[in-house]
Amino acid sequence: MPNLKVGIPAVKQIIVVTSGGLPLDRFLPAIVYALLALAAIGLGGGAIHLKRRLEQSERDRRRAADELNRRLSELFSLQELSYILSGSLQLDRIVEQVVRYAMRFLDAQGALVALAPDGDGGTEPRPLAVTAAEGTLASLAGRAISPNDPGLVARSLGRERLELVRSASGEPTPLAEGIVAESAAAVPLRAHGVVVGTLVIANPRDGAFAPEDIRLLSTVATHAAIVIANARFFEMVRHAKEQWETAFDALSGGIAVVDDAGQVRRANRALASLLGVPIPAVIGCDLADALLEGSPALLELLAAARRGDRAQPLVLRSGTLGRTIRVNAARIPTPAQDQSVVVLVEDVTDQHAMEAQLIQSEKLAAVGQLVSGVAHELNNPLTSIAGLSEFLLEQKELGSKDRGHLRVIHEQADRAGRIVRNLLTFARKGTSERVAVDVNDVIERTLVLMSYDFQLKDIAIDKDLAPVPPVLGDRHALQQVVINLLTNAAQAVSENPPERPRRIQLRSWADDRVRLRVADSGPGIPDDVLPHLFTPFFTTKEPGQGTGLGLSITYSIVEAHGGRIVVDRPTEGGAAFLVDLPVAPADPPRHDTPEPGGPTGVAAVTPIKRSILLVDDDPAVRRVVKALFGREGHMVEVARNPQHALDLVRTRSYDLILADREARAHDQSFVEQLVESHPELKERVVVATGAGAPAGSGTLRYVRKPFNLRDLREEAARVWAAAALS
Ligand code: ADP
């Protein structure tokens with residue numbers, strides 16, 4: 001006991017001082033007594049002191065132990081917090097834990113974390129968001145605090161280090177609008193040199209922040225700032241990834257990431273739907289095989305992309321998909337050992353068809369102009385050759401040899417006439433008639449017309465006609481379409497070897513348009529023929545077998561009806577042509593009527609002598625008309641020019657006025673002027689035209705040049721029959 005040892009030397013010292021000049025034996029008992037009394041007093045005082053010291057030391061020890069315990073518990077809590085934070089990348093959860101632990105460490109009444117706005121928000125300062133708050137600050141949770149708020153929360157964001165506030169005067173310190181605290185600390189949360197937010201603690205235990213508390217708070221803040229910054233970064237990356245994935249899937253074009261071996265690692269929805277399988281089924285498949293049957297051109301494109309070369313996109317027809325696709329590829333900048341490429345796949349079938357259609361239309365327009373000029377020039381000579389040879393053939397006194405020669409002349413002129421008509425049909429813009437036409441009816445009638453030919457060639461017709469709404473157009477022109485397609489199909493199947501069936505399938509149906517499909521079991525269309533199919537005068541047939549105009553005429557007619565024609569090469573072989581036409585509006589001008597009465601009906605009218613006015617400046621045509629009608633006893637008057645004709649009709653009456661459509665007086669069509677000035681003569685006019693009846697031609701009658709005698713007689717007979725009825 002050290003304190004006891006200190007008391008004894010003090011007593012010894014007293015003994016030495018009192019030993020000089022006094023008789024020891026007399027005073028000894030008193031001295032001993034006194035000494036004992038002193039010793040007793042001294043011992044009693046030392047014990048009290050000792051007891052106090054012992055108590056103090058016990059208190060110190062306890063405090064030290066408490067402090068140690070507290071620090072240990074803080075250390076454990078810090079470790080726990082660090083463990084929780086490092087295990088999470090969820091920002092909300094992280095800030096919640098930071099607030100909870102900070103409150104617990106400092107035994108504070110309230111805590112919050114306010115985060116600075118994320119990313120680049122432009123020049124305007126943006127508010128802080130209180131992401132987590134507890135205790136007395138809980139009411140601030142979810143609040144936005146203006147960066148200009150004078151309170152501690154917003155202010156601390158601009159501070160370099162922790163700020164402590166304690167009201168000495170008892171005046172509380174504002175933390176944010178409407179929230180105060182007696183004492184508070186705010187630590188800016190700084191990570192990678194950027195302030196991401198602030199941690200604010202209000203009213204700690206004992207109302208003051210001990211230096212250890214401040215150290216602890218700084219430690220928590222440093223750790224929290226890094227974790228928050230990482231979580232934000234992770235959030236940013238995740239968001240960017242989500243955006244990228246959404247865009248990847250939303251793209252209408254197909255995209256694939258293809259590895260070194262050509263296998264698909266990633267694919268978007270568009271690619272999967274192009275391949276007709278779900279996305280998981282695309283992953284791992286060989287892209288070149290799936291798209292283009294392992295096309296060497298595609299493999300070369302992928303190889304070029306891996307080398308980093310910029311190759312031209314490929315446009316190829318995929319047999320497996322039955323579509324035309326454009327493929328482009330680019331290397332993904334990744335470590336050298338990985339040579340993944342990103343491949344873009346677009347379905348350009350429709351675009352291609354439209355482009356081809358446009359080119360075709362332009363080509364046809366140019367050729368059409370040329371053709372129509374030439375055809376018009378040929379019309380009149382052909383009219384006279386055909387007409388006069390036919391006229392001569394009707395002469396009884398002809399020798400049989402001459403008759404034979406004449407028949408050849410007539411047949412050839414007739415053939416040339418048909419070619420010219422075809423040329424004009426092809427060159428003509430717009431449909432000549434606009435009436436409601438039942439496509440099925442046109443098909444049925446055409447089949448009847450051609451049935452003999454089909455029988456002869458042993459061709460089976462497989463017909464499947466669903467009811468279709470009417471289309472608006474020209475019945476004859478539409479019939480021409482069906483004839484052309486069936487003729488080609490018949491010619492194609494006739495080439496089949498004996499073991500291959502000769503079959504033509506005819507289908508019609510309607511959805512938003514009226515559709516017709518003519519498919520045959522012929523040899524199909526070779527690759528080199530396909531691009532030229534609709535080109536005028538393109539033919540692979542022997543001379544005399546084909547003119548190369550069938551499909552281009554078909555194309556112009558369909559186009560003039562607002563329709564489309566496309567060719568298909570079915571997998572089972574052969575060729576198929578698909579025509580679609582717009583449905584006629586609910587109230588079309590008038591309904592199509594099948595062919596009128598026909599020649600027999602009008603021929604029955606008793607011949608009467610008629611007066612005929614002819615308006616045509618071509619002498620050859622005049623000659624034919626005069627010869628024909630003159631021989632039948634009619635009187636044909638020829639006008640010198642259109643003006644002369646107008647003068648003539650003013651003074652004389654005619655049963656028939658046959659006028660060339662091209663005839664013009666004073667820059668206006670003669671027929672128009674005539675009908676305007678003499679509407680009563682409208683019924684008696686027959687217009688000779690090279691291009692067929694124009695749209696909206698009303699009640700005017702037309703005869704197509706080059707006309708034959710029968711056409712002319714028939715039209716004349718109709719005019720006279722109508723006049724007789726009225
Ligand atoms: P043409 O029949 O007078 O030759 P087209 O314009 O009708 O003229 O046809 C052009 C070419 O298209 C034909 O010569 C032929 O090579 C090809 N073609 C048309 N239809 C078919 C078909 N159904 N099958 C195979 N080839 C066809």
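The values are calculated or read from the model by the stated rules, or taken from the named source; none is laboratory data. Just so you know, these numbers come straight off a predicted model, no measurement behind them. Neighbour counts are summed over all protein chains in view; Cβ atoms, including those assigned to glycine, are modelled from backbone coordinates with ideal geometry.
Quick check on Val448: is it more than 16 Å from the ligand (Cβ to nearest atom), in contact with a strand residue (DSSP E or B) (Cβ under 8 Å, 6 or more places away or on another chain) and at negative phi?
No, not satisfied.
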Open item on the list: For region 614-640, give me each residue that is part of a loop (DSSP other than H, G, I, E, B) and surrounded by fewer than 14 Cβ atoms within 10 Å (Cβ to Cβ).
Closed with: Glu632, Gly633, Arg640
- [ ] Restrict the check to region 519-530 and report whether at least one residue is more than 9 Å from the ligand (Cβ to nearest atom) and without any contact (Cβ under 8 Å) to a residue 12 or more places away in the chain.
- [x] yes
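Any residue in region 270-280 that is polar (S, T, N, Q), under 20 Å from Arg331 (Cα atoms) and either touching a residue at least 12 places away in the same chain (Cβ under 8 Å) or surrounded by fewer than 17 Cβ atoms within 10 Å (Cβ to Cβ) (or both)?
Checking region 270-280: not a single residue is polar (S, T, N, Q), under 20 Å from Arg331 (Cα atoms) and either touching a residue at least 12 places away in the same chain (Cβ under 8 Å) or surrounded by fewer than 17 Cβ atoms within 10 Å (Cβ to Cβ) (or both).
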- [ ] With the checklist (1) modelled with pLDDT of 95 or more; (2) under 31 Å from the mean Cα position of the chain (by Cα); (3) within 12 Å of the ligand (Cβ to nearest atom) in hand, flag the one item Ile504 doesn't pass.
- [x] (2)
Open item on the list: Just checking: which of the strands (runs of 3 or more DSSP E) contained wholly in region 70-173 hold 2 or more residues that are in contact (Cβ under 8 Å) with a residue 40 or more places away in the chain and surrounded by fewer than 19 Cβ atoms within 10 Å (Cβ to Cβ)?
Closed with: 163-166
Open item on the list: Which of the numbered conditions does Thr487 fail, given that it passes all the others? Conditions: (1) more than 16 Å from the ligand (Cβ to nearest atom); (2) not in a loop (DSSP other than H, G, I, E, B).
Closed with: (1)
Open item on the list: Take Gln480 and tell me if it is assigned to a strand (DSSP E or B) and within 14 Å of the ligand (Cβ to nearest atom).
Closed with: no
Open item on the list: Going by what's in this entry, would Arg190 be described as basic (Lys, Arg) and at pLDDT 85 or above?
Closed with: yes
- [ ] Answer yes if at least one residue in region 569-578 is more than 8 Å from the ligand (Cβ to nearest atom), modelled with pLDDT of 95 or more and out of contact with any Pro (no Cβ under 8 Å at 6 or more places or on another chain), and no otherwise.
- [x] yes
Open item on the list: Restricting to region 663-685, and then to whatever is among the charged types (D, E, K, R) and in contact with a Ser or Thr (Cβ under 8 Å, 6 or more places away or on another chain), can you tell me which residue is surrounded by the most Cβ atoms within 10 Å (Cβ to Cβ)?
Closed with: Lys682
Task: Which numbered condition Gly373 misses (of (1) part of a helix (DSSP H, G or I); (2) within 28 Å of Asp568 (Cβ to Cβ)) - done: (2)
Task: Selection from region 547-562 of residues that are within 11 Å of the ligand (Cβ to nearest atom), of a type outside the set (Phe, Trp, Tyr) and not in a loop (DSSP other than H, G, I, E, B) - done: Gly550, Leu551, Ser552, Ile553, Thr554
TODO: Answer with yes or no whether Val442 is more than 16 Å from the ligand (Cβ to nearest atom), crowded, with 20+ Cβ neighbours inside 10 Å, over 34 Å from the mean Cα position of the chain (by Cα) and not charged (D, E, K, R).
DONE: yes
- [ ] Hey, can you tell me all the residues within region 531-546 that are in a loop (DSSP other than H, G, I, E, B) and within 9 Å of the ligand (Cβ to nearest atom)?
- [x] Leu533, Phe534, Thr535, Pro536, Phe537, Phe538, Thr539, Thr540, Lys541, Gln545, Gly546
TODO: Check whether at least one residue in region 361-383 is of a type in the set (D, E, K, R), under 53 Å from the mean Cα position of the chain (by Cα) and under 30 Å from Arg269 (Cβ atoms), and report yes or no.
DONE: no
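Could you pull out the residue among Val257, Val264 that is touching a Gly at 6+ places or on another chain (Cβ under 7 Å) and of a type in the set (Val, Ile, Thr)?
The match here is Val264.
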